[in-house]
Amino acid sequence: METIASQIEAVIGVWFKNGRTLYVKRSDRMENYPNVWSLLSIQFTPEELPDFTDLEEVQEVMDRMSKERLGEVPVRLIHYLKSARCSDNPMQVPVTLHLYQIELESEPELNPEYYVDCEWFTPEEYTKVSENATCGLCMRMWSDYCYQRGLSKTRFAPRVGQDDEQ
């Protein structure tokens with residue numbers, strides 16, 4: 001289970017195809033952002049992943065996420081998308097996230113300690129289901145990426161601040 005630390009570092013896996021993204025609903029047992037629709041993620045230590053651009057090392061973290069959270073459904077890392085850092089969050093600690101495009105071999109078998117549901121949403125559908133929910137850095141990063149790359153005509157989450165970009 002996640003623990004609140006003096007800083008948080010995590011990899012975020014985004015599986016998207018045909019205008020839809022796979023979102024997971026976080027368990028109420030999650031300390032950070034419980035009960036919200038989000039992206040697949042797992043925390044890591046700097047020692048575990050000293051170079052977030054080394055895709056072989058990142059794949060090992062993704063494999064751990066698969067084992068712990070996704071019923072060991074294989075995760076294929078496609079490529080790095082972007083990173084951001086933010087201290088303005090409910091945990092009140094610096095958070096650094098690295099976003100990667102991934103594919104899963106099949107729909108995940110969710111571990112209810114972490115995720116209680118998964119669903120493919122368009123940006124508009126995500127906006128509806130996440131209305132009034134706390135929006136974390138990973139969703140702001142994904143929204144910015146989709147908007148900047150033309151995958152979405154509108155942002156579906158608040159922008160990442162200039163001070164947060166890496």
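Taking the condition assigned to a loop (DSSP other than H, G, I, E, B), closer than 22 Å to Tyr147 by Cβ, in contact (Cβ under 8 Å) with a residue 40 or more places away in the chain and not acidic (Asp, Glu), does Tyr23 pass?
Values: assigned to a loop (DSSP other than H, G, I, E, B): no; closer than 22 Å to Tyr147 by Cβ: yes; in contact (Cβ under 8 Å) with a residue 40 or more places away in the chain: yes; not acidic (Asp, Glu): yes.
So Tyr23 does not fit the description; no.
Starting from region 65-82, take each residue that is surrounded by 15 or more Cβ atoms within 10 Å (Cβ to Cβ) and list its partners that are aromatic (Phe, Trp, Tyr) and assigned to a loop (DSSP other than H, G, I, E, B), counting only C-beta distances under 8 angstrom and pairs at least six apart or across chains.
Here the result reads Arg69/Tyr114; Tyr80/Phe52, each pair linking region 65-82 to a residue that is aromatic (Phe, Trp, Tyr) and assigned to a loop (DSSP other than H, G, I, E, B).
Restricting attention to region 111-129, which residues are in a loop (DSSP other than H, G, I, E, B) and either of a type in the set (Asp, Glu) or crowded, with 19+ Cβ neighbours inside 10 Å (or both)? Give the steps one after another, and end with the answer.
Looking only at region 111-129, we keep the residues that are in a loop (DSSP other than H, G, I, E, B), and these are 111-114, 122.
Once the filter is applied, which keeps residues that are in a loop (DSSP other than H, G, I, E, B) and either of a type in the set (Asp, Glu) or crowded, with 19+ Cβ neighbours inside 10 Å (or both), region 111-129 yields Glu113, Tyr114.
Between a residue in region 142-154 that is surrounded by 17 or more Cβ atoms within 10 Å (Cβ to Cβ) and any residue that is assigned to a helix (DSSP H, G or I), which pairs come within a Cβ distance under 7 Å, given they are 6 or more apart or on different chains?
These pairs meet every condition: Cys146/Pro123; Ser152/Pro123; Ser152/Cys146.
Here are Glu124, Glu103, Glu131, Glu109: which of them is closer than 17 Å to Ser38 by Cβ and among the acidic types (Asp, Glu)? Before the answer, list the steps.
On the way: Glu124 fails: closer than 17 Å to Ser38 by Cβ; Glu103 fails: closer than 17 Å to Ser38 by Cβ; Glu109 fails: closer than 17 Å to Ser38 by Cβ.
After applying the criteria, what remains is Glu131.
Got a number for residues in region 90-105 being surrounded by fewer than 21 Cβ atoms within 10 Å (Cβ to Cβ) and within 15 Å of the chain's Cα centre (by Cα)? Even if it seems obvious, please write down each step before you answer.
First, the residues of region 90-105 that are surrounded by fewer than 21 Cβ atoms within 10 Å (Cβ to Cβ): 90-94, 96, 101, 103-105.
Applying the additional criterion that residues be within 15 Å of the chain's Cα centre (by Cα) yields 96, 101, 103-104.
Residues flagged as surrounded by fewer than 21 Cβ atoms within 10 Å (Cβ to Cβ) and within 15 Å of the chain's Cα centre (by Cα) within region 90-105 amount to 4.
Go through (1) in contact with a helix residue (DSSP H, G or I) (Cβ under 9 Å, 6 or more places away or on another chain); (2) farther than 21 Å from Arg140 by Cα for Ile102 and report which single condition fails.
Here Ile102 meets the rest and fails (2).
Read-outs throughout are calculated quantities, based only on the coordinates presented, and are distinct from any laboratory measurement. Fair warning: this is a prediction, and the values are worked out from it, not measured in the lab. Note: ideal-geometry Cβ built from the backbone for every residue, glycine included; neighbour counts use all protein chains shown.
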